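Report on the following structure.
The values are calculated or read from the model by the stated rules, or taken from the named source; none is laboratory data. Model, not experiment: these values are computed from the prediction. When we count neighbours, we look across all protein chains shown, and the Cβ atoms used for this are built from the backbone with ideal geometry, even at glycine. When the accessible area is computed, the model is the full protein with side chains, heavy atoms only, and any ligands, DNA or RNA have been set aside. Shrake-Rupley method; radii C 1.70, N 1.55, O 1.52, S 1.80 Å.
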Amino acid sequence: LFRSLATKTAAASAAVDFTEFNNALYAEYRFDLDNVKPATDGAGLWCRFSTDGGSSYDAGAGNYSWAYASSVGDAASSADTFLALGPGQGNAAAERGVSGSFALRSASDSAQHTRIFGAGSGYSTAGIVQAFTAAGARLADQDTTALRFLMSSGNITSGTIRMYGLT
């Protein structure tokens, strides 16, 4: 059973942070995105993890491995400072932003890499609908206690993200 933990709405936000983790209660977290739109045309959606409740987020060289497959092209990295969740997005009025769902697993297991995976859709900078799947991991065993969504460049202009915990 998924329980609603938080709903956050971006409005020219540098990042959207979720610190409502309770790893003693939840084995998995789900994040549902509705029209999360970049301020900068062509910016991609990223995320980062925290082990200190969001006081800081892991952003060192080689902290993450990620890959996505999309209708406009694929990409991957075996050692990065962020986790890419999909390709660059358009920010024109008719380009509505990213919508989709991502699951976060192994957040509470300090002997495992925290992993995220899911699927979404959005609009390219040419206004073409694009579909994508993405997966990634923090390349260290850790107890993850917060997650940050951000764009590869600029702010998140608008959109809503909901966090759920699986009991």
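The figures follow:
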| item | result |
| --- | --- |
| Unmet criterion (only one of (1) hydrophobic (A, V, I, L, M, F, W, C); (2) without any contact (Cβ under 8 Å) to a residue 60 or more places away in the chain; (3) in a strand (DSSP E or B)) for Ala69 | (2) |
| Extreme residue, nearest to Ser99 (Cα to Cα), among residues of the stretch 125-154 that are in a loop (DSSP other than H, G, I, E, B) and touching a strand residue (DSSP E or B) at 6+ places or on another chain (Cβ under 7 Å) | Ser152 |
| Members of the stretch 97-124 that are open to solvent by 30 Å² or more (accessible area, probe 1.4 Å) and either assigned to a strand (DSSP E or B) or at pLDDT 95 or above (or both) | Ser99, Ser101, Arg105, His113, Arg115, Phe117, Ala119, Ser121, Tyr123 |
| Which listed residue is in contact (Cβ under 8 Å) with a residue 40 or more places away in the chain, of a type in the set (S, T, N, Q) and farther than 24 Å from Asp141 by Cα, from Thr51, Thr40 | Thr40 |
| Looking only at the stretch 74-96, and only at residues there that are more than 22 Å from Ala146 (Cα to Cα) and among the acidic types (Asp, Glu), the one that is most open to solvent (accessible area, probe 1.4 Å) | Asp74 |
| Hits in the stretch 58-73 - residues which are at pLDDT 95 or above and open to solvent by 40 Å² or more (accessible area, probe 1.4 Å) | Ala59, Ala67, Ala69 |
| Residue selected from the stretch 125-143 under the condition within 17 Å of Ser77 (Cα to Cα) and not hydrophobic (A, V, I, L, M, F, W, C), by the criterion surrounded by the fewest Cβ atoms within 10 Å (Cβ to Cβ) | Thr133 |
